Amino acid sequence: MNILVVADPLVTFKTYKDTTFAMMRELQKRGHTLAACEPQHLQWQTGHPVSALVRRIELTGAADDWYRVLHQGREALHTFDAVLMRKDPPFDSEFFYATHLLEQAEREGAKVFNSPRALRDHPEKLALMEFAQYAPPTLVTRSPEAIRHFHAEHKDIILKPLDGMGGMGIFRVGPDGMNLGSITETLNQGGATSVMVQAYLPAIVDGDKRLLLIGGKVAPYVLARIPQGTELRGNLAVGGKGVAQPLSDTDRAIAEAIAPTLAARGLLLVGLDMIGDKVTEINVTSPTCFQEIQQQTGFDVPAMFADALEAAMA
């Protein structure tokens, strides 16, 4: 297959842990050819298909100069066998516009993973609403009063912005309500911005688990991202320790209940976040943790992904 990867600049990749790099390495190993571009390189003009300024690349196997450019030029997206949308969050206006360009490319014959429409329809915090039976008590609102009532009911709560990533902007407010007003003002910007509020889950001490749903199936290992020291957040981006572990029976049951629905909508890869037995987020833009799980358990997550992609293209 001839595969285009739409992602952040290649020079920013930390190849020792980057999931997109792991995907590309496995795909090249199977004989597929690779090209890369950034969302800013996408273009549409009346009378022409969606195209991008792409670089045909080959992975070298080296740690530093890990790829070489074979050719650079503008190419129509529908001429590729598959397009992988792997731009990291945040889901901002430019990401939104890119999904529309990619959806037009689909109308022209391109096969895009994850589906651009599904990316728009499943914002990573709000996608949880559809599966509320598996989630902790949750509130999404702009109202400071509603947040105060939620705190009064649940006593110990977590507040976070809807467009956050990597643990950014997450706050905990305990039973004393200390700084609840100030935190609310900071996050909702005087009522201009919606906030997600969830009941605090003590099981966070055992980690914020990332489950991988690939092609409608559940990978057999999770990465538990465990907070360190006095830090509340387990996110790897803020120093959490990633510990791979087998799926629990509860993890599997919940993931297998959710996975087929999301896969049927064109979400080839989903990162399900769980604390204890509760789903806290559903990540679809650029789920990670392939390399951490593979390195610690030996389970070949990139191969599972490549198998699913090849099956989707068959």
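Between 271, 207, 242, 215, which is closer than 28 Å to residue 83 by Cβ and in contact with a Lys or Arg (Cβ under 6 Å, 6 or more places away or on another chain)? Full working, then the answer.
On the way: 207 fails: closer than 28 Å to residue 83 by Cβ; 242 fails: closer than 28 Å to residue 83 by Cβ; 215 fails: in contact with a Lys or Arg (Cβ under 6 Å, 6 or more places away or on another chain).
Of 271, 207, 242, 215, the one residue that is closer than 28 Å to residue 83 by Cβ and in contact with a Lys or Arg (Cβ under 6 Å, 6 or more places away or on another chain) is 271.
Filter the range 112-155 for residues that are basic (Lys, Arg), touching a helix residue (DSSP H, G or I) at 6+ places or on another chain (Cβ under 8 Å) and touching a residue at least 60 places away in the same chain (Cβ under 8 Å) and give the result. So that I can check it myself, show each step before the final result.
Narrowing the range 112-155 to residues basic (Lys, Arg): 117, 120, 125, 142, 148, 155.
If we keep only those that are touching a helix residue (DSSP H, G or I) at 6+ places or on another chain (Cβ under 8 Å) too, we end up with 117, 120, 142, 148.
Selection gives 117 alone.
Kindly indicate whether any position in the range 5-16 is in a helix (DSSP H, G or I), under 25 Å from residue 91 (Cα atoms) and in contact with a helix residue (DSSP H, G or I) (Cβ under 7 Å, 6 or more places away or on another chain).
We begin by selecting, within the range 5-16, every residue in a helix (DSSP H, G or I); these are 10-12.
Cutting the leftovers down to under 25 Å from residue 91 (Cα atoms) gives us 10-12.
Subset that is in contact with a helix residue (DSSP H, G or I) (Cβ under 7 Å, 6 or more places away or on another chain): none.
Checking the range 5-16: not a single residue is in a helix (DSSP H, G or I), under 25 Å from residue 91 (Cα atoms) and in contact with a helix residue (DSSP H, G or I) (Cβ under 7 Å, 6 or more places away or on another chain).
So which residues in the range 62-83 are in contact with a helix residue (DSSP H, G or I) (Cβ under 7 Å, 6 or more places away or on another chain) and in contact (Cβ under 8 Å) with a residue 60 or more places away in the chain?
Just the residues of the range 62-83 that are in contact with a helix residue (DSSP H, G or I) (Cβ under 7 Å, 6 or more places away or on another chain), to begin with: 67, 77-78, 81-83.
Residues satisfying the conditions are 77, 81, 82, 83.
Picking from 266, 229, which residue would you name as being touching a Ser or Thr at 6+ places or on another chain (Cβ under 6 Å), outside the structural domain of residue 88 (by TED's automatic domain parsing) and not in a strand (DSSP E or B)? Lay out the reasoning, then the answer.
Numbers: 229 fails: touching a Ser or Thr at 6+ places or on another chain (Cβ under 6 Å).
Going through 266, 229 in turn, just one is touching a Ser or Thr at 6+ places or on another chain (Cβ under 6 Å), outside the structural domain of residue 88 (by TED's automatic domain parsing) and not in a strand (DSSP E or B): 266.
Are there any pairs, at least 6 apart or on different chains, whose C-beta atoms fall under 9 Å, with the first in the range 1-23 and surrounded by 22 or more Cβ atoms within 10 Å (Cβ to Cβ) and the second among the acidic types (Asp, Glu) and assigned to a strand (DSSP E or B), and if so, which?
4/75
Quick check: is even one residue across the range 155-163 within 24 Å of residue 91 (Cβ to Cβ), crowded, with 16+ Cβ neighbours inside 10 Å and among the charged types (D, E, K, R)?
yes
May I ask you to verify whether residue 148 is at pLDDT 95 or above, under 23 Å from residue 269 (Cβ atoms) and either part of a helix (DSSP H, G or I) or touching a strand residue (DSSP E or B) at 6+ places or on another chain (Cβ under 7 Å) (or both)? Walk me through it before giving the result.
Details: at pLDDT 95 or above: yes; under 23 Å from residue 269 (Cβ atoms): no; either part of a helix (DSSP H, G or I) or touching a strand residue (DSSP E or B) at 6+ places or on another chain (Cβ under 7 Å) (or both): yes.
No: the conditions fail for residue 148.
Can you find, within the range 242-260, the residue that is surrounded by the most Cβ atoms within 10 Å (Cβ to Cβ) among those that are small (Gly, Ala, Ser) and within 20 Å of residue 291 (Cα to Cα)? Please lay out each step first, then the result.
First, the residues of the range 242-260 that are small (Gly, Ala, Ser): 242, 244, 248, 253, 255, 257, 259.
Subsequent filtering for residues that are within 20 Å of residue 291 (Cα to Cα) retains 242, 244.
On the way: 242: 20, 244: 18.
Per the stated criteria, the residue is 242.
Scan the range 232-251 for residues that are outside any helix (DSSP H, G or I) and at pLDDT 95 or above and report the count.
Step one: list which residues in the range 232-251 are outside any helix (DSSP H, G or I), which gives 232-235, 239-248.
From the residues that got through so far, the ones that are at pLDDT 95 or above too are 243-248.
So the answer is 6.
Look through the range 99-111, keep the residues that are in contact (Cβ under 8 Å) with a residue 40 or more places away in the chain and buried (at least 21 other Cβ atoms within 10 Å of the Cβ), and return whichever of them is nearest to residue 41 (Cα to Cα).
Filtering the range 99-111 for residues in contact (Cβ under 8 Å) with a residue 40 or more places away in the chain gives 101-102, 104-105, 108, 110-111.
From what's left, buried (at least 21 other Cβ atoms within 10 Å of the Cβ): 102, 105, 110.
Details: 102: 12, 105: 14, 110: 16 Å.
So, considering only residues that are in contact (Cβ under 8 Å) with a residue 40 or more places away in the chain and buried (at least 21 other Cβ atoms within 10 Å of the Cβ), the one nearest to residue 41 (Cα to Cα) is 102.
Tally up the residues in the range 189-226 that are out of contact with any helix residue (DSSP H, G or I) (no Cβ under 9 Å at 6 or more places or on another chain), more than 30 Å from residue 266 (Cβ to Cβ) and not in a loop (DSSP other than H, G, I, E, B), please.
The total comes to 5.
Assess whether residue 159 counts as being touching a residue at least 12 places away in the same chain (Cβ under 8 Å), in a strand (DSSP E or B) and aliphatic (A, V, I, L, M).
Details: touching a residue at least 12 places away in the same chain (Cβ under 8 Å): yes; in a strand (DSSP E or B): yes; aliphatic (A, V, I, L, M): yes.
Yes.
Considering 46, 33, which residue is modelled with pLDDT of 95 or more, over 26 Å from the mean Cα position of the chain (by Cα) and among the polar types (S, T, N, Q)? I'd like the intermediate steps shown before the answer.
On the way: 33 fails: over 26 Å from the mean Cα position of the chain (by Cα).
Step by step, each of 46, 33 is checked, and only 46 is modelled with pLDDT of 95 or more, over 26 Å from the mean Cα position of the chain (by Cα) and among the polar types (S, T, N, Q).
Name every residue in the range 98-125 that is more than 13 Å from the chain's Cα centre (by Cα), farther than 22 Å from residue 21 by Cα and not in a loop (DSSP other than H, G, I, E, B), in order of residue number.
Passing the criteria: 100, 101, 103, 104, 105, 106, 107, 117, 121.
The values are calculated or read from the model by the stated rules, or taken from the named source; none is laboratory data. Because the structure is a prediction, the values reported are computed rather than measured. When we count neighbours, we look across all protein chains shown, and the Cβ atoms used for this are built from the backbone with ideal geometry, even at glycine.
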